[in-house]
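Chemist: Sharing a structure here in structure tokens format.
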Amino acid sequence: MKKYLLIVIKVFVTLLVLIFLYEKIREDQSGFLAAFQLFKDNLGVLLLVILLMPLNWLMEVLKWKFSIQPITHITFSNAIIGVLAGVAMGFVTPHAIGDYFAKVFSISHQDRKKALGLILISRLMQMLPTALFGLIAFYIYSQKSLAQIDIPISITYPILSVLGVLIVIIFLILFLKRKHPRINDYVQPVKSMGLKLISILAGLSFLRYLVFSTQFLLLLSVLGLKLSLFLQFMGIAFMFLAKSILPTFNFLSDLGVREFSVALFFDNLEVEVASIIASGLILWLINIALPAFIGLFFIPQLKLKNT
């Protein structure tokens with residue numbers, strides 16, 4: 001019963017997201033199309049965003065290479081296969097299940113299920129910057145006079161940031177303390193990771209977060225928004241947080257969810273969001289659709305049999 005209720009909730013929220021985006025584009029079709037023209041007239045910025053895409057995914061490749069070390073060592077080329085094949089397979093599977101499948105079958109370890117816990121930890125590490133900056137963005141979003149907000153110095157912000165990090169840490173501790181035999185194979189490799197390896201994964205997660213944010217900020221710079229760089233960054237942080245917690249179907253790797261959340265933030269700032277949605281779509285094409293297409297050529301290299 002709970003399973004069907006969750007499906008109904010996801011369908012409902014997904015429809016709300018799509019309706020919101022449709023209405024915003026319909027209200028300002030000229031602004032939506034004008035944004036694409038702006039990017040066409042600023043090909044240098046667009047090229048820079050494209051050049052940052054490999055750096056974005058390099059962080060994920062290194063995270064995969066380091067995170068799997070407790071059970072096996074893989075070459076950089078094998079790490080690339082696992083990540084890009086995972087992007088391609090996660091592109092069309094709910095909750096990016098295909099990403100887990102591709103990474104597990106990109107290694108030759110005799111007990112591949114031990115990699116699942118390590119993959120989960122790697123993904124949870126990406127929640128650190130998401131929670132840290134996202135809760136600050138949510139606090140700003142909740143304020144009535146957003147336009148007057150400058151760089152914050154209130155003690156509220158560090159408290160929210162620490163709270164977000166603590167939530168992730170508590171979740172990890174609870175996960176590691178469980179001793180159920182069915183999950184023991186997943187937990188044991190995680191327990192052997194060590195502080196140094198965890199720190200490396202956290203650092204790479206923050207770097208990837210900043211690379212993506214820089215890409216989005218570059219696209220927003222073309223639009224000439226009359227907002228501080230800080231508020232633009234907070235809009236991106238709000239998007240990451242919403243994407244992580246909204247109970248929607250991950251259709252085509254979050255297509256629509258990203259655009260909805262960032263548009264919702266800027267709409268609250270009384271900014272025309274049609275151009276923001278266009279920016280999100282362009283970044284989705286560069287950061288998700290293009291790597292997913294490239295990843296198709298790596299799927300045949302997955303090791304479907306243990307060696």
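The values are calculated or read from the model by the stated rules, or taken from the named source; none is laboratory data. Computed from a predicted model, the values in this text were never measured in an experiment. Here Cβ is always computed from backbone atoms with ideal geometry, including for glycine, and neighbour counts include all displayed protein chains. Each accessible area value is taken on the protein alone, full model and side chains, heavy atoms only, with ligands, DNA and RNA left out. Shrake-Rupley method; radii C 1.70, N 1.55, O 1.52, S 1.80 Å.
Chemist: Do any residues in segment 24-41 that are more than 19 Å from Leu285 (Cα to Cα) and in a helix (DSSP H, G or I) have Cβ atoms under 8 Å from those of residues that are modelled with pLDDT of 70 or more and of a type outside the set (A, V, I, L, M), where the two are at least six apart or on different chains, and which pairs are they?
Modeler: Partner pairs satisfying both residue conditions: Lys24/Asp267; Gly31/Glu272; Gly31/Ser275.
Chemist: Shifting gears a bit: In segment 10-69, which residues are closer than 30 Å to Leu116 by Cβ and modelled with pLDDT under 80?
Modeler: Once the filter is applied, which keeps residues that are closer than 30 Å to Leu116 by Cβ and modelled with pLDDT under 80, segment 10-69 yields Lys10, Val11, Val13, Thr14, Val17.
Chemist: Pick from segment 191-228 the residues that are of a type in the set (S, T, N, Q) and open to solvent by 60 Å² or more (accessible area, probe 1.4 Å): which of them is nearest to Ile50 (Cα to Cα)?
Modeler: Filtering segment 191-228 for residues of a type in the set (S, T, N, Q) gives 192, 199, 205, 213-215, 221, 228.
Checking which are open to solvent by 60 Å² or more (accessible area, probe 1.4 Å) leaves us with 192, 199, 214, 221.
Values: Ser192: 37, Ser199: 28, Thr214: 12, Ser221: 15 Å.
Ranking the candidates gives Thr214 first.
Chemist: In contact (Cβ under 8 Å) with a residue 24 or more places away in the chain, under 30 Å from Leu264 (Cα atoms) and out of contact with any strand residue (DSSP E or B) (no Cβ under 6 Å at 6 or more places or on another chain): which single residue out of Leu135, Leu118 fits that description?
Modeler: On the way: Leu118 fails: under 30 Å from Leu264 (Cα atoms).
Just one listed residue meets the conditions, Leu135.
Chemist: Of everything in segment 59-113, what is acidic (Asp, Glu) and surrounded by 19 or more Cβ atoms within 10 Å (Cβ to Cβ)? Give them in sequence order.
Modeler: Result: Glu60, Asp99.
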